[in-house]
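Read through the structure below, which is laid out as structure tokens, and then see the notes.
All of the numbers you see were taken from the coordinates with simple rules; none came from a lab. Since the structure is predicted, the reported quantities are computational estimates derived from the model, not experimental observations. Cβ coordinates were reconstructed from backbone atoms using ideal geometry, including for glycine residues, and neighbour counts include every protein chain displayed.
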Amino acid sequence: MQIPAELTRWTTVAAAILAFAPVLAFGFCGAGLIGRVRILPTAIQLTLPALLCLPYLLATLPLGPPGSTGGFRWDWFTLYALLPVAVAASLLLVVKLDPDQRGHWLEFMVLLALGLAVDLRWFEGAWPHRLVFMNKMLLLDAGLYGFRCMRGLTGVGFDLRLHWSDWKIGLRELAYCTPIAVTLGLVLGFLHWQPHIERPWMIPLAWLFTFFFIALPEEIYFRGWMQNLLERRLGRTAALLITAAIFGLSHFNKRTAFFNWRYALLAAIAGVFYGRAWRAERRIAASAITHATVDTLWGALLR
């Protein structure tokens, strides 16, 4: 049966809203949300994140019968139902294994699995090309639920109620980062001046898109979770440098099919300043402001 195009558009919008809703919920009312989840029986707490399969269902089922190209598939549906539950169960177990939150190998394994799934695009085949961004959002949702509701990880600093200090710190680190990264990028021949601001009014919109869909997920993962946990084991400086190096390496396959060492190096340098912005007051918003502004200026002025 042919699904009306109008219905497909609406189900796609609904899927995107559902995928992004947990980010807004944790960002604006995280404490209240966590409190409500924790009064539920443990079995319900563990199975609740299985609802993250709903955006996949809404986005793909109208595209064709199960098994059709680009359409719904039961194996992907099962993955998006069970993976968030596995993350939640693993991090609930970590609470018992590491009650002092010193950083346990099991939560680093959860981070590794989520990071590789995004960076190596393991699950993007589940989605039509225009919707692959939802994969990243659903994995972020699974991590947010697991680390906040199950693990109760402290010091993450994810709060979307921005403070003046977030802007001050974020833009300060931008001022430190820009001359170093741009000079090195030009010297290496990786960056080239190519301003193309034909529609300046689009820059704020590009910044908002970058902030919410690129900078925020990456800063939660690398600074709020990874750098935060590494600090407990290795100290502030080592955690900053190791996280920045891993952040740089995560860009190895960007803009090329081969190892892009120039991009990885520049990303690692930028990662140092993103990490400094986060640890100044332990707030994701500050590092996300630096990150989003770097990416937006890069896109507007450089190639």
Q.
For Leu302, what residues show an amide H to amide H distance below 5 Å, using hydrogens built from the backbone and excluding near sequence neighbours?
A. Gln194
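More than 19 angstrom separation, counting every C-alpha pair in segment 145-195; what % is that?
57 percent
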**Q.** Relative contact order of the chain, pairs being alpha-carbon contacts under 8 Å that are 6 or more residues apart, as %
**A.** 20 percent
Q.
Loop only by DSSP, 12 or fewer other Cβ within 10 Å of the Cβ. Give me the trypsin sites (Lys or Arg not before Pro) in segment 23-116 that pass, ordered by residue number.
A. Arg102
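Enter the per residue convex hull volume of segment 212-303, computed from alpha-carbon coordinates, in Å³ rounded to the nearest integer.
Expressed per residue, the convex hull around the Cα atoms of segment 212-303 is 89 Å³.
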Q. Using θ = phi - 60° and the Karplus curve 6.51 cos²θ - 1.76 cosθ + 1.60, what whole-Hz ³J(HN,Hα) does each residue of segment 264-274 get, with Gly and Pro shown as x?
A. 4, 5, 5, 5, 5, 4, 4, x, 4, 6, 5
Q) Mind checking the alpha-carbon convex hull of segment 120-254 and giving the volume per residue in Å³? A) 170 Å³
Q: Per residue of segment 154-169, in order, report the coupling 6.51 cos²θ - 1.76 cosθ + 1.60 (Karplus, θ = phi - 60°) as ³J(HN,Hα) in whole Hz, putting x for Gly and Pro.
A: 8, x, 5, x, 8, 8, 8, 7, 5, 9, 4, 5, 4, 5, 4, 5
Q) Ordered by residue, what ³J(HN,Hα) values in Hz, to whole numbers, does segment 46-58 give under the Karplus form 6.51 cos²θ - 1.76 cosθ + 1.60, where θ = phi - 60° and Gly and Pro are x? A) 6, 8, 4, x, 4, 5, 5, 6, 5, x, 5, 4, 5
Q.
Sorted from largest to smallest, which semi-axis lengths in Å does the alpha carbon gyration tensor of the chain give for its equivalent ellipsoid, taking the root of 5 times each eigenvalue?
A. 31, 26, 18
Q: Identify which of Ile269, Ile284, Ile39 has the largest mean-square fluctuation in a Gaussian network model of the chain, with springs joining Cα atoms closer than 10 Å.
A: Ile39
Q) What residue among Pro204, Pro49, Pro84 shows peak mean-square fluctuation when the chain is described by a Gaussian network model with Cα springs under 10 Å? A) Pro204
Q. Top mean-square fluctuation among Leu48, Leu186, Leu111, Gaussian network model of the chain, C-alpha springs under 10 Å?
A. Leu186
Q. So, in Å, what gap is there between the alpha-carbon centers of segment 140-161 and segment 106-132?
A. 18 Å
Q | Convex hull per residue volume in Å³, alpha carbons only, for segment 5-150 | A | 115 Å³
